[in-house]
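Take a look at the structure set out below.
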Amino acid sequence: MKNLILVFFVLFTMAASAQKFANLALTPPMGWNSWNKFQCNVSENLIKGAADQLVSTGMRDAGYEYVVIDDCWQIGRDSMGFIVADPVRFPSGIKALADYIHSKGLKFGIYSCAGTKTCAGRPGGRGHEFQDAYMYAKWGVDYLKYDWCSSDGQNQKESYKLMSTKLKEAGRPIVFSLCEWGGSKPWEWAREVGHLWRTTGDIANCFDCEQKHTGYSNWGAMKILDMHKDTRQYAGPGRWNDPDMLQVGNGMKVNEDRAHFSMWCMLAAPLMAGNDLKNMSLQTQEILTNPDAIDINQDALGIQGLKYKSEEGLETWVKPLANGDWAICFLNRTPITKTIEFDWLKNVVNDDFAKRRLDASVETFRIKDVWSKKELGNTKKALKAEVPSNDVQMFRLSLVK
Ligand code: GLA
């Protein structure tokens, strides 16, 4: 009898612990990450400043929750193999930094790598998985981005599974973000391992370019969007395709930033801002905090958007939302303004994956323009709009009940 009680106790504890991890990212994680703008130039002051600015700019209240230090915070290992943070750049230590971020009502994320070295050549996690997971748990880490450099001879599935297990053993609920750039198609196997997985190489700070390097490329936002056509069925609450962090505010034109952000919202992508929050323009701030765009991204159903059609560089994307609503986004990838006249009755959308049908002859929807914030009537009348070059028109369709 005693043994039976023990078995039940162990099974219950294991189930409770699995649940603790499973419910961590029921909508796409949102936050800020240091890499896109600051690369290795990270410090305690920069990260504390980012936390302060998330609060003062309204970004925290708009949903941005995780403050993530990317590569270069770590400098070595001590004689027992524990990871050591750079004492010059982080003089108060990582625990104090985590405490500071938590005191602002935010969560704290950190970066490491499944290989022996990170992509910037700092110590990686290989061979130290439990030691690192234990340290992260003790420091109060809430989010781990785990990269794939210096991983010769390693297998993605095994390496990420190992770290996932060690994080669970360490006991603190930590969002696990896989970053192996899509090489092993993690969308096919990682839903039990982590909460999000990068699908492509790194995002470049451009709308539609390819930046070639020896052996790899960095990709503009539109190139990354195109790489997402076969990943739709793998996303959902707790398991997200990650098209990489946002480049909004890092130098693209405002219309390009708006289109990039809108498409990340349509994809149900994690929204990790990657800009200099201290010197952010009002336009950038307005893009990053648009409540209707964020609502579309954070919709409880967690369905990744679908490209409904593409005609001469004008793409129409749709995303089924909770309570019978939809989002629709017209993306103009050409150098000239496009005029749309979208007759809802002639455009019945059948979404077989989501088992949803957008049919304006059966249901009527109110139309709200996400970017102008205007109410535009309903779907009984064709929608007319102009979409400037490299820009979007994005609408929320609310079901009239
Ligand atoms: C890789 C990742 C990036 C970033 C850098 C850090 O390139 O894909 O997102 O973390 O490493 O070195």
Q | residue 78 paired with residue 39, simple spin-label distance in nm, labels 7 Å along Cα-to-beta-carbon | A | 3.2 nm
**Q.** Partnerless cysteines, meaning none of the other Cys C-beta atoms lie under 4.7 Å away, in the chain
**A.** 113, 179, 265, 329
Q. Once every DSSP H run of n ≥ 4 in the chain is given -39500 (n - 2.57) and the sum is divided by its residues, what mean residue ellipticity at 222 nm do you get, rounded to the nearest 500 deg cm²/dmol?
A. -8000 deg cm²/dmol
Q) What accessible area per residue comes out for the chain, rounded to a whole number of Å², with a 1.4 Å probe? A) 43 Å²
Q: Could you sort 132-143, 344-355 so that the peptide with the highest average Cβ count within 10 Å comes first and the rest follow in order?
A: 132-143, 344-355
Q) Which percent of the accessible heavy-atom area of the chain goes to carbon and sulfur, probe 1.4 angstrom? A) 52 percent
**Q.** Burial order of peptide ranges 299-311, 76-88, 176-188 (average beta-carbon count within 10 Å, highest first)
**A.** 176-188, 299-311, 76-88
**Q.** Cα-based helix-to-principal-axis angle, 93-103 vs the chain, degrees rounded to 10
**A.** 40 degrees
Q: Answer with one residue from 348, 247, 90: the one whose Cα lies farthest towards the positive end of the charge dipole of the chain, charges on Cβ with Lys, Arg +1 and Asp, Glu -1.
A: 348
(Q) Could you tell me the extents of region 253-346's C-alpha atoms along the three principal axes, largest first, rounded to whole Å? (A) 47, 36, 16
**Q.** Whole-Å semi-axes of the ellipsoid equivalent to region 306-399 (Cα gyration tensor, √5λ, descending)
**A.** 21, 15, 12
Q | Rg and Dmax of the chain, Cα atoms only, in Å | A | 21.9, 76
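The values are calculated or read from the model by the stated rules, or taken from the named source; none is laboratory data. Treat the numbers as computed from the prediction; the structure is a model and nothing was measured. A quick note on method: Cβ atoms are made from the backbone with ideal geometry, for glycine too, and the neighbour counts reach across all protein chains shown. Surface areas here come from the heavy atoms of the whole protein model, side chains and all, with no ligands, DNA or RNA. Shrake-Rupley method; radii C 1.70, N 1.55, O 1.52, S 1.80 Å.
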